[in-house]
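K.L.:
The structure that follows is given in the form of structure tokens.
Taken together, the values in this text are just the output of simple stated rules run on the coordinates, not laboratory data. Model, not experiment: these values are computed from the prediction. Every residue, glycine among them, receives a Cβ derived from its backbone with ideal geometry; neighbour counts consider all protein chains shown.
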Amino acid sequence: MAGAADGEPEFQVAPMVDVLLTILVFFMMITSAQVLKVDKTITLPVAPDAQKRESKRGEVIVNIRWHADVKKAEFVIDDHVYRTAGELIAPLKAAKAIGEKKVAQNENPAFRAVIRGDQDAPALYISQAMNACGDVGISDISFSTLNR
């Protein structure tokens, strides 16, 4: 009890370190979960007037990788590769069902799809991803771009 005799409060470092480590682990887990949704092989198009939208609601991220050597695109959701846009229907339905449960519990105001298309991918593949989202009833669609 050093310091208690002369009326000064004690400062305990151990509980503070515990709290800081807990917060650090929490943020590391959240960040790594969000990073897994982003495909680093995709070169996003540049849109100088793009506006950042808040991501406080449920969303599914559809990555569209363009393979110039074979002139084909592939669709990626949560590290699962789909060769055609038609194959996106089942995972989009599942993601939407989870999102709707959160909306029903008032955790998220709406559910949306974010399409991250490679800048070299033809618009046909972006359109196919949009149609797949529309087929499962996802009407709020955003596009991921760079703002340089």
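K.L.:
Spelling out what I want: for every residue of the stretch 7-21, take phi, set θ = phi - 60°, compute 6.51 cos²θ - 1.76 cosθ + 1.60 (Karplus), and round to whole Hz; glycine and proline get x.
P.N.:
x, 8, x, 8, 10, 9, 7, 4, x, 5, 5, 4, 5, 5, 5
K.L.:
Kindly write out, for the stretch 88-96 in residue order, the coupling ³J(HN,Hα) from the Karplus curve 6.51 cos²θ - 1.76 cosθ + 1.60 (θ = phi - 60°), rounded to whole Hz, with x marking Gly and Pro.
P.N.:
6, 4, 4, x, 5, 4, 5, 5, 5
K.L.:
I would also like to ask the following. Provide the packing ranking of 80-87, 124-131, 19-26, i.e. peptides ordered by the mean count of other C-beta atoms within 10 Å per residue, highest first.
P.N.:
On the way: 80-87: 14.1, 124-131: 16.8, 19-26: 9.9.
Top of the packing list down: 124-131, 80-87, 19-26.
K.L.:
Between their Cα atoms, which of Lys40/Lys96; Lys40/Lys71; Lys40/Lys93; Lys72/Lys101 are more than 27 Å away from each other? Don't jump to the answer; show the numbers that get you there.
P.N.:
Numbers: Lys40/Lys96 24 Å; Lys40/Lys71 19 Å; Lys40/Lys93 25 Å; Lys72/Lys101 35 Å.
Flagged as over cut-off: Lys72/Lys101.
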